[in-house]
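Report on the structure given below.
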Amino acid sequence: MHVATTIAPVQDGKLTEQIHDDLAQTALPPAEHVVDAAYITPPHVQRAQQVRGITLLGPIVADHSRQAKSGEGFGKSAFAIDWDLRQATCPRGRTSSQPGTLRINGHEYLQFRFAKADCLACPDRHPCTASATRPRSIALLPQPLHEIQVRNRLDP
């Protein structure tokens with residue numbers, strides 16, 4: 001058993017690593033640790049397994065894109081990713097340029113952008129993107145973390 005407290009402005013997920021480290025110091029790390037969504041992210045799952053041998057279980061926050069929320073259009077999961085070529089393919093078969101990187105909430109993402117000409121001419125433009133002038137882009141975690149996220153979201 002472990003108890004950790006912190007001041008109110010500190011998010012619960014900031015304690016996940018500390019809890020695992022504290023349990024390891026007392027020779028009590030669990031094989032599995034079940035948590036709620038506040039304590040789990042793909043990096044937490046990866047670190048728990050790699051550093052402490054702990055299988056971290058719990059729901060990773062769902063895709064909150066407009067398309068995923070509405071159930072219309074193409075959410076990130078509709079795009080095929082070729083990690084070796086570092087390229088995304090949209091449901092209409094168009095491929096992205098090489099991804100750039102960006103940081104969102106302290107995590108590095110790969111941003112796959114599609115050509116403006118491809119997107120402007122696409123018959124599925126409206127359900128795919130809300131922008132009237134810009135092409136679609138998708139931001140994904142690096143491959144190992146993306147795969148953790150996808151597996152977690154598929155688990156019932």
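Select from ALA132, ALA48, ALA62 the residue whose mean-square fluctuation is largest in a Gaussian network model of the chain (Cα-Cα springs shorter than 10 Å).
So, out of ALA132, ALA48, ALA62, the one fluctuating most is ALA132.
Could you rank the peptides 74-81, 22-29 by their average count of other C-beta atoms within 10 Å per residue, with the highest value first?
74-81, 22-29
Given the options LEU140, LEU56, LEU85, state which has the largest fluctuation in a GNM of the chain using a 10 Å cut-off (strictly under) for Cα springs.
It is LEU85.
At a 1.4 Å probe radius, which order do ASP155, ASP63, ASP84 fall into by accessible area, largest first?
Sorted descending by solvent-accessible area, the residues read ASP84, ASP155, ASP63.
Please name whichever of THR133, GLN11, LEU110 sits farthest to the positive end of the charge dipole of the chain, dipole taken about the Cα centre and charges placed at Cβ: Lys and Arg +1, Asp and Glu -1.
THR133
In what sequence, largest accessible area first, do LYS116, LYS14 appear using a 1.4 Å probe?
Result of the area sort, largest leading: LYS14, LYS116.
Run the 1.4 Å probe and let me know the accessible area of ARG151, rounded to the nearest 10 Å².
Rounded to the nearest 10, the figure is 140 Å².
Within the P(r) computed for the chain, what percentage of the Cα pairs occupies the region above 19 Å?
61 percent
The values are calculated or read from the model by the stated rules, or taken from the named source; none is laboratory data. All values reported here derive from a predicted model rather than from experimental measurement. Heads up, the Cβs are rebuilt from the backbone with ideal geometry, glycines too, and the neighbour counts pull from every protein chain shown. Ligands, DNA and RNA are excluded from the accessible area calculation, which covers all protein heavy atoms including side chains. Shrake-Rupley method; radii C 1.70, N 1.55, O 1.52, S 1.80 Å.
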